[in-house]
Amino acid sequence: MIQVFCGKRGSGKTKNLIAMANECVGSTKGNIVYIDDDKRPMLELDRRIRFISTDDFSLKDYNSFYGFLCGMLSEDYDIETIFIDGLFNIVSGNVSDAAHLFLQLEALSIKFGLQIYININHESEELPEFIKKYAA
């Protein structure tokens, strides 16, 4: 299952995503991962959530981000939920180029039974159709 939350920068998406991640801790049996492009949310997350700052890695495009996720999943089979804050801040590229990534994420979600929550800085009215089906 993939859910995408979209809106303008500063509309409270990160705060809501952090709250969702913290709420999941009590109900999820597996591991939770929170991915962001900086370390600011680290102190607001429950200590049982694995926080990964992509600043520590050289993720340049959608393919490298997908490979990063696959490596993470191959190392930890108990991951149930992944939160990705600011996808288009993590990797370069525009929204319309992300279609292949979303197909790959959907396949990962189905194959491994993952719940994936993604924040993007983009107006929901301007989203391409392949993302609209995931919009919350």
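Given the chain, what percent of its DSSP beta bridges are antiparallel, to the nearest 5? Bridges in the chain are about 0 percent antiparallel. In the chain, helices alone account for a calculated mean residue ellipticity at 222 nm of -11000 deg cm²/dmol, with every DSSP H run of four or more residues adding -39,500 (n - 2.57).
Going down the table (K15/K39; K8/K111; K39/K60; K29/K111), which pairs top 22 Å between alpha carbons? Result: K8/K111 exceed 22 Å. 3J(HN,Hα) along the range 86-91, derived from phi through the Karplus expression 6.51 cos²θ - 1.76 cosθ + 1.60 where θ = phi - 60°, amounts to x, 3, 7, 8, 6, 10 Hz, with x in place of Gly and Pro. With an a/c value of 1.5 or above and a/b not larger than b/c for the gyration tensor axes a ≥ b ≥ c computed over the alpha-carbon atoms, the range 1-58 is described as oblate. For the range 109-123, the residues whose backbone nitrogen is under 13 Å from a point 7 Å from the Cα of M20, taken along Cα to Cβ, are 115-121. The H on the amide N of A135, modeled in the peptide plane, is under 5 Å from the matching H of V4, each at least 5 residues off or on a different chain. For the listed peptides 85-96, 63-74, a ranking on the average number of other beta carbons within 10 Å per residue, highest first, reads 85-96, 63-74.
Evaluated at q = 0.11, 0.15, 0.24 Å⁻¹, a Debye calculation over the C-alpha positions of the range 27-136 (equal weights, vacuum) places log10 I(q)/I(0) at -0.34, -0.65, -1.63. For the chain, the relative contact order is 40 percent, taking Cα pairs closer than 8 Å that sit 6 or more residues apart in sequence and dividing their mean separation by the residue count. Between the listed residues T14, F65, A98, the Cα displaced farthest toward the positive end of the dipole of the range 2-132, a dipole computed from Cβ unit charges relative to the Cα centre, is found at T14. Counted by Cβ distance under 10 Å from I2, the other residues give a net charge of 0, where Lys and Arg count +1 and Asp and Glu count -1.
Values quoted throughout were computed directly from the atomic coordinates according to the rules given, and no laboratory measurement underlies them. The structure displayed is predicted, hence computed values, not measured ones. Don't worry about glycine lacking a Cβ; one is built from the backbone with ideal geometry, like all the others, and counts go over all protein chains shown.
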